[in-house]
Amino acid sequence: MLRYNLRYQLFLILSDILIVIGALALSSYLRLTIDLGADALTSPAFATPAPLYAIAPALWLFAFHQAGVYRPQGVRFRPAARRLIAGHVIAGLLFFGALYLTFRDYSRLQAVYLIALTLSGTLLHRAVLRLFANRLRHMINTPRRIAIIGVGESAAAIGDRIAPFADAGLLLIGYIAPSPGAIRAPALEGQVLGRLDELRELVTRHRIDEILIDAPWFEPATAELAHHVTSVLETSPVNIRLAHDYSNLAYFRATSEDFNDITLISLREAILSPAQRVLKRFFDIGFSLLVLLLTAPLFPLIAIAIRLDSPGEIIFRQQRIGQHGKPFIIYKFRTMRSGEPEPLPSAHKRPDDPRVTRVGRFLRRTSLDELPQFINVLRGEMSVVGPRPEQADLAQHYQPWQRKRLEVPQGITGWWQINGRADRPLQQHTEDDLFYVRNYSIWLDIRIILRTILTLISGRGAY
């Protein structure tokens, strides 16, 4: 992976540690000086326990790593800010959990000060780094100079992906023609450094650190080209990588690794890494408990309203298909009249369905009928965010490409719910779910939850 050099990574990590430590100290001062009506404020009462000066930075570094804060960000500040905010959400939840297990008397207001100060400090720190990017690039982040072997449209596309990361120290120097008659993309005019037979000289002259070979992985000529390049540059301290567009493998997140001197290219692997699975599960449990605690008073009121509106069970149960095709029973508040036939698996919700009760229509519009599914989340059968669990009869007819949506935990809300809810065709639901599978991150989960709240407020597409 193209990444920041070690010196710049250490600089970012040490800077963040100092920001967290400074925020801890400042939060104690603010808790004492800002009068919010508390009596008898004393310095010892709000002093930060010494272990927190080690615990808090560790939690923030872990959260930042999971959120991708230390990966190259590109020239735009917004994606970097999103990763920072996602990291702070994770770190904040972990910090409150740590306080519950250790220092329960620690002021929660003081903890809020800490999170706000750390977020402000890290955002300001990154803004300053970007403001002085050209100067700091040479002082801290030694550039990685990159050349691409290839002059076609595919090589140009790879170059376009690298160019925005100049501020991260990844500098695209130019392209090298693999053969004299190679067809050149018009966009590369003037950027070709030379030919492959001049490779060693070009690497020395342009001080190249990284060579990307634009060639398909599975063609015999690629192995010959890769062997030639590595042989020519055997004594040069240059990283050499194969780079080619394999968008059809994107669903599987193809990776490579070395096992006992054998290079393994993974064509299908778990979408979530072990760390991501653990983090997602902890987030699901914490968020579900919070929602159930906040909405607990609504449960008896909804139950009474359902029973007064129409006879029948209060909770609707139905078999759905979970992750990896495992069936489970999903829970919802009943919104249709008892005894009415269930809609066919392929049927689409419609706003004028006569089987929906008056209370049920309100529950659907506000999505309150979904509240019991947080119990499914606590049982480990669902996640807060993910593709909607499908009905068993419909899942049996999935095409292979559709089954990829079952690679992750099925969720209460997801990407398609915030992009149209019931207004969109079923085909687009699957496409949106596959977008989520390809682009999963904890930040995407948080983003979907926030947009779900806005969608619920607007009531758009719910019936």
- line: Residue hits (region 361-385; more than 22 Å from L406 (Cβ to Cβ) and of a type in the set (V, I, T)) are T366
- prompt: In this structure, does F96 turn out to be within 13 Å of the chain's Cα centre (by Cα), in a helix (DSSP H, G or I) and among the aromatic types (F, W, Y)?
  reply: no
So R405, is it out of contact with any strand residue (DSSP E or B) (no Cβ under 6 Å at 6 or more places or on another chain), modelled with pLDDT of 80 or more and either under 28 Å from R78 (Cα atoms) or among the aromatic types (F, W, Y) (or both): no
- prompt: Can you tell me how many residues in region 295-325 are of a type in the set (K, R) and touching a residue at least 24 places away in the same chain (Cβ under 8 Å)?
  reply: 1
Residues being over 20 Å from L225 (Cβ atoms) and touching a strand residue (DSSP E or B) at 6+ places or on another chain (Cβ under 7 Å) - total across region 144-161: 2
- prompt: Of everything in region 128-157 that's in contact with a helix residue (DSSP H, G or I) (Cβ under 8 Å, 6 or more places away or on another chain) and basic (K, R), which residue is modelled with the lowest pLDDT?
  reply: R137
Matching residues, region 268-314, being crowded, with 16+ Cβ neighbours inside 10 Å and under 18 Å from the mean Cα position of the chain (by Cα): I271, L272, Q276, L279, K280, F283, D284, F287
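Each row is one residue, and each column tells you yes or no for (1) in the same structural domain as L406 (by TED's automatic domain parsing); (2) closer than 18 Å to E313 by Cα; (3) at pLDDT below 65.
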site	(1), (2), (3)
A347	yes, no, yes
D352	yes, no, no
R355	yes, yes, no
L371	yes, yes, no
G380	yes, no, no
V384	yes, no, no
query: Has region 394-417 got any residue that is under 20 Å from L454 (Cβ atoms) and in a helix (DSSP H, G or I)?
result: yes
field: Candidate set from region 158-175 (those that are of a type outside the set (G, A, S) and touching a Lys or Arg at 6+ places or on another chain (Cβ under 7 Å)); member that is modelled with the highest pLDDT
entry: I173
field: region 408-434: number of residues that are touching a Gly at 6+ places or on another chain (Cβ under 7 Å) and modelled with pLDDT under 75
entry: 4
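The values are calculated or read from the model by the stated rules, or taken from the named source; none is laboratory data. Just so it is clear, the structure is predicted and the values come from calculations on it, not from any experiment. Please note: Cβ atoms are built from the backbone with ideal geometry, for glycine as well, and neighbour counts cover all protein chains shown.
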